[in-house]
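Working notes for the structure below.
The values are calculated or read from the model by the stated rules, or taken from the named source; none is laboratory data. Quick caveat, the model's predicted, so the values are computed rather than measured. Don't worry about glycine lacking a Cβ; one is built from the backbone with ideal geometry, like all the others, and counts go over all protein chains shown.
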Amino acid sequence: MKLTATGLAQNAPAPLAFTDTVLRGLGQVMLQDNAYAGLLFLAGIFWNSRLFGCAALVGTIVGTTTALMMGAARDQVRQGLFGFNGALVGIALLYFLDPSPLAWGFVVVAAACSTVLMAALMNAFSTWKAPALTAPFVLTSLLFLLACARFGRLHSTGVLPTAGLPRAAEVEGLVTGATLLQGLFNGLGQIFFQGSLVTGALFALGLLVSSRKAFAAALLGSFAGALVAWGLGAAEPAIRAGAYGFNPALTAIALGSVFFAASRASAIYAALGTIATTVVFAGLSAALEPLGMPALTAPFVIVVWLFVLAGPLFPKLKTPGTST
């Protein structure tokens, strides 16, 4: 058995190879094809909640297994591309629903469906060379949560947003240095629905192990989201909890370290996308309030889709590996 910089070699025994694939799936939540990053992400989740750690594992395993059973391309499966949406679906459904045996069955079905949706989007978007990102997680989770309004045996944990017409916002609380520091790491933690500074730090370490550029981009993105939210008058508790940090962190990773080569232009582009994501998060949160549904990572998905699709018309933006 041989170790590589990102995980196990392809010729590893089947059980270890599957474990490596599952861990890569967890890493892909933050766009990292790296089993060690995935392991640290999983450790961070378990540190905060054994329930959510188990949910992440079940969702990733179900999503990956579904792809294998349907004969998906082995290289795509091994990269974790069919696992990460299932991981997020598993955590999301058990974050918003009481963890009854029926809810766990709901998770299994939803995670399998997220793999089908991932394949559909990958196929549809191949023409434009656009990534599916966490869109399967967002769509699957929202539809399955909305369905609970008609299924009386699935009960909410009470943390879904209260349905109602959006109200005028008021500046709430005093934002301090401690607010921004906690919001920085909570912003990373909230990518997996985790509100823990230790968890956020473990996620940051996972990114550092995988990519220094991704690590720096994530921290800058989360911090920028908190700053923009503060400047525009968002509530202090939401900033401290990382609510305005997790989508910008993902956008910063995507635009600043994955889809465009490092340059002055790409740095400005990523910064603009990060700021836009904060605003889009607030807008989508208000738009979904009448439904009592969360925005999840939809702001990240929408902004990155638009910025990636616009990229070819901006000559100063180069894809990784393209000569300047």
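Write out, first by first residue and then by second, each pair whose Cβ atoms fall under 7 Å of each other, whose residues are 6+ apart or on separate chains, and whose first residue, in the range 243-257, is assigned by TED's automatic domain parsing to the domain that holds Thr297 and surrounded by 24 or more Cβ atoms within 10 Å (Cβ to Cβ) while the second is of a type in the set (Val, Ile, Thr) and not in a helix (DSSP H, G or I). Listed pairs, sorted by first residue: Asn247/Thr297; Leu250/Thr297.
For Gly7, the conditions (1) within 21 Å of Thr140 (Cβ to Cβ); (2) buried (at least 24 other Cβ atoms within 10 Å of the Cβ) all hold with the exception of (1). Tell me yes or no: at least one residue of the range 81-103 is within 15 Å of Leu68 (Cα to Cα), under 17 Å from the mean Cα position of the chain (by Cα), part of a helix (DSSP H, G or I) and among the aromatic types (Phe, Trp, Tyr). Scanning the range 81-103 turns up at least one residue that is within 15 Å of Leu68 (Cα to Cα), under 17 Å from the mean Cα position of the chain (by Cα), part of a helix (DSSP H, G or I) and among the aromatic types (Phe, Trp, Tyr).
Give the residue, chosen from Cys54, Cys113, that is assigned by TED's automatic domain parsing to the domain that holds Leu26 and either surrounded by 21 or more Cβ atoms within 10 Å (Cβ to Cβ) or touching a Pro at 6+ places or on another chain (Cβ under 8 Å) (or both).
Cys113
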